[in-house]
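Have a look at the structure below before the remarks.
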Amino acid sequence: MSAAAAVEKRGFSQRMLDGIERLGNKVPHPVMIFLILIGLIIVLSGIFAAIGLSVTYEVAEPVPIVGEETYPGGTIEPSLEFPPGEVYHPPVETHTETTAIKSLMTADGIRFIYTSAVQNFTNFGVVGVILVAMIGVGLAEHAGLIGALIRKLVAVAPKWALTFIIVLLGILSSIASDAGYLVLIPLGAVAFMSVGRHPLAGLAAAFAAVGGTFGVNVLITPIDGIVTEVTNEAAALVDPTRSISLTANLFFGIGSTLFLAFLITFITDKVIEPRLGRYTGKAAAADEAEVTEAQQARGLRYALYGFLAVLVVLLVLTVPSNGILRNPETGSLVEDSPLMDGLIFLIMAIFLVTGLCYGAGAATLKGSKAAMEAITKTFAGLGGLIFMLLVIAQFIAYFNYTNMATVAAVKMADWLESANIGPLWLLVGFILVTLILDIIIPGVIPKWAIFAPVFVPLFLRLGVAPQTVLAAYRVGDSPMNVVTPLMVYLPFIVLLTQKYKKEAGMGTVVSLMIPYTLIIAVAWTLFFVAWYLLGIPLGPGAPVELK
């Protein structure tokens, strides 16, 4: 078939996505894009502040915890101690705030720009997450453990089920907070490539699963405790006796997880991979040493011993009722526990120990010097990403300083609240508004802190239960995560994409992910509507309507 005929055969949607990719990759480097956006934010903040743009609204948020200054061991350097009960169960209160646009073109704004650069970067949590996790993941990759595990997975899993397995693991990874972005997305690309499939399809499937469905799981995740408390505080504005439990969305989460796993698998196999075509390239060299089957088997056996050793230590710290990594007040391993707070460290430790053990068994890491070189190479490869995150951190800090996102969120919430439509259409409108706002406020908690005091009381007065409003919020909160430029892991995804397509840029990633965003947003909304109309409980003792 001629090249012209091959192009003609591509459908309209495929040609449109190709155009988005070409256009997106022709724009300046992402660093330049964010520098331009910083300039735009500075100018717009000055204009909006000059016209006095502001909003007044109610917000539900945790109360600041006051620490007590102590001098342990007779030291002259004070330290702060906080009540454990308040640290792990922060009280939430609702209050009225008035927020006005703050200009970056004033004396105060210029001072902020001048003095905050370092703090903006050090407070940008994703930087620390990536650096800590990649210590273990990078070493395990250079030692050859990642490749060996992928080969075992491919050998065990049926070829037809590979996509589904990766997608399901990606959705479930939200129990480990952000670990899925750093572990499963790279693994998805390698797994697909190992069976002759396009690695970018595996990367896209894992990214859609980890980021595009972040609001649901079959288990209770760390974020559930916070959004539940905010929901209860908002409900108390109308009915002080009404509250929901952590499991109020559990049934809906389980149903959504299975539905989305099949949906993303279908999108990957029937939409994304056919567009990408056959992969003829190869990934950037992984610096893995050649090993025999016997060496790989010994390395995996040693890695298993290392994993079991980490597991034993973890069990010692968690199994006893007074385990160090349990919540000191409630004894919970999930709700506000040190175990959940330190999952990134746990991920790093598992990969570091198992990587070292594999390297010793397979003779791919000979001595501590080789291990240090592996970690150094990993960090060297992150240099461009770190610089990009430095610029993005400034943009996000400036954007937050101006209050423009908050004002936009409240204006849209006010508009939807004033709409004279029935509860179901209002819920659908609420999902749509959440989707739009997710482009500029990707975080789960900041949007809900603004939306909950507005919509939970409104829907309560319409006979819709708080858990239903929270479920609708989960539907709208996630699908845009994989296409918004404010997704903090997007630069990391671009870096991974360039391993398989050197000329890839932001346009490549966005064109890959747009089908997921559109199809997930529409299909998941219809899934929610069907659930609501059928009256299926959202969780144990959590009906969709008030009883």
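Across the stretch 315-333, the qualifying residues are those that are modelled with pLDDT under 85 and on the phi < 0 side of the Ramachandran plot, and the one among them that is most open to solvent (accessible area, probe 1.4 Å) is E329. For V137, are the conditions met, namely being closer than 24 Å to V291 by Cβ, in contact with a Leu (Cβ under 7 Å, 6 or more places away or on another chain) and either open to solvent by 10 Å² or more (accessible area, probe 1.4 Å) or not in a helix (DSSP H, G or I) (or both)? Considered against the rule, which asks whether it is closer than 24 Å to V291 by Cβ, in contact with a Leu (Cβ under 7 Å, 6 or more places away or on another chain) and either open to solvent by 10 Å² or more (accessible area, probe 1.4 Å) or not in a helix (DSSP H, G or I) (or both), V137 comes out as yes. Only residues that are out of contact with any Lys or Arg (no Cβ under 7 Å at 6 or more places or on another chain) and assigned to a loop (DSSP other than H, G, I, E, B) were counted across the stretch 204-223, and they come to 8. Checking V238, V167 one by one, the residue that is touching a residue at least 60 places away in the same chain (Cβ under 8 Å), closer than 30 Å to V469 by Cβ and surrounded by fewer than 20 Cβ atoms within 10 Å (Cβ to Cβ) is V238 and no other.
Set side by side, the residues V529, V522, V482, V488 differ, and just one is modelled with pLDDT of 90 or more, buried (at least 20 other Cβ atoms within 10 Å of the Cβ) and β-branched (V, I, T), which is V482.
Listed conditions (1) open to solvent by less than 10 Å² (accessible area, probe 1.4 Å); (2) over 16 Å from the mean Cα position of the chain (by Cα) are all met by D477, apart from (2).
Within the stretch 180-195, the set of residues being open to solvent by less than 10 Å² (accessible area, probe 1.4 Å) and of a type in the set (G, A, S) comprises G180, G188, A189, A191. Does P64 satisfy being at pLDDT below 85, at negative phi, assigned to a loop (DSSP other than H, G, I, E, B) and surrounded by 16 or more Cβ atoms within 10 Å (Cβ to Cβ)? It is false that P64 is at pLDDT below 85, at negative phi, assigned to a loop (DSSP other than H, G, I, E, B) and surrounded by 16 or more Cβ atoms within 10 Å (Cβ to Cβ).
Out of the stretch 351-381, which residues are among the aliphatic types (A, V, I, L, M) and over 20 Å from V126 (Cα atoms)?
Just the residues of the stretch 351-381 that are among the aliphatic types (A, V, I, L, M), to begin with: 352-353, 356, 360, 362-363, 365, 370-372, 374-375, 380.
Result: V353, L356, A360, A362, A363, L365, A370, A371, M372, A374.
This table checks each residue for (1) within 15 Å of V183 (Cβ to Cβ); (2) in contact with a helix residue (DSSP H, G or I) (Cβ under 7 Å, 6 or more places away or on another chain); (3) among the acidic types (D, E); (4) at pLDDT 80 or above.
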site	(1), (2), (3), (4)
N123	no, no, no, yes
V127	no, yes, no, yes
I135	yes, yes, no, yes
G138	yes, yes, no, yes
V167	yes, yes, no, yes
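Restricting the stretch 533-546 to residues that are in contact (Cβ under 8 Å) with a residue 60 or more places away in the chain and open to solvent by 30 Å² or more (accessible area, probe 1.4 Å), the residue that is farthest from the chain's Cα centre (by Cα) is L546. Counting only helices (runs of 4 or more DSSP H) that sit wholly inside the stretch 334-445, those with at least 3 residues that are open to solvent by 20 Å² or more (accessible area, probe 1.4 Å) and without any contact (Cβ under 8 Å) to a residue 12 or more places away in the chain are 368-381.
Consider the stretch 263-289. How many of its residues are of a type in the set (D, E, K, R), touching a Ser or Thr at 6+ places or on another chain (Cβ under 8 Å) and at pLDDT below 90? Spell out how you get there, then give the answer.
Here is the first cut: in the stretch 263-289, the residues of a type in the set (D, E, K, R) are 269-270, 273, 275, 278, 282, 287-288.
The next check asks that each one be touching a Ser or Thr at 6+ places or on another chain (Cβ under 8 Å); those that pass are 269, 288.
Checking the rest, the ones that are also at pLDDT below 90 come to 288.
Final tally of qualifying residues: 1.
Against the definition (over 29 Å from G225 (Cα atoms), hydroxyl-bearing (S, T, Y) and modelled with pLDDT of 65 or more), how does T106 come out, yes or no? Against the criterion (over 29 Å from G225 (Cα atoms), hydroxyl-bearing (S, T, Y) and modelled with pLDDT of 65 or more), T106 qualifies. For the stretch 82-92, the criterion of a residue being open to solvent by less than 50 Å² (accessible area, probe 1.4 Å), out of contact with any Asp or Glu (no Cβ under 9 Å at 6 or more places or on another chain) and at pLDDT below 85 is satisfied by no position.
Counting the residues of the stretch 257-281 that are closer than 17 Å to V210 by Cβ, of a type outside the set (S, T, Y) and open to solvent by less than 60 Å² (accessible area, probe 1.4 Å) gives 6. Taken over the stretch 149-164, the residue count meeting the criterion of being buried (at least 17 other Cβ atoms within 10 Å of the Cβ), at pLDDT 85 or above and either closer than 26 Å to R301 by Cβ or of a type in the set (G, A, S) (or both) is 1.
If only one of I254, I226 is crowded, with 17+ Cβ neighbours inside 10 Å, of a type outside the set (G, A, S) and either out of contact with any helix residue (DSSP H, G or I) (no Cβ under 9 Å at 6 or more places or on another chain) or not in a loop (DSSP other than H, G, I, E, B) (or both), which one is it?
Numbers: I254 fails: crowded, with 17+ Cβ neighbours inside 10 Å.
Just one listed residue meets the conditions, I226.
Taken together, the residues in the stretch 199-223 that are open to solvent by 20 Å² or more (accessible area, probe 1.4 Å) and either at pLDDT 85 or above or closer than 16 Å to L263 by Cα (or both) amount to 2.
Within the stretch 156-192, being under 12 Å from the mean Cα position of the chain (by Cα) and outside any helix (DSSP H, G or I) holds for S177, D178. For the stretch 241-251, a tally of residues being of a type in the set (V, I, T) and either open to solvent by 40 Å² or more (accessible area, probe 1.4 Å) or not in a loop (DSSP other than H, G, I, E, B) (or both) returns 2.
The values are calculated or read from the model by the stated rules, or taken from the named source; none is laboratory data. Computed from a predicted model, the values in this text were never measured in an experiment. Don't worry about glycine lacking a Cβ; one is built from the backbone with ideal geometry, like all the others, and counts go over all protein chains shown. We work out accessible area using only protein heavy atoms, side chains counted, and drop any ligands, DNA or RNA first. Shrake-Rupley method; radii C 1.70, N 1.55, O 1.52, S 1.80 Å.
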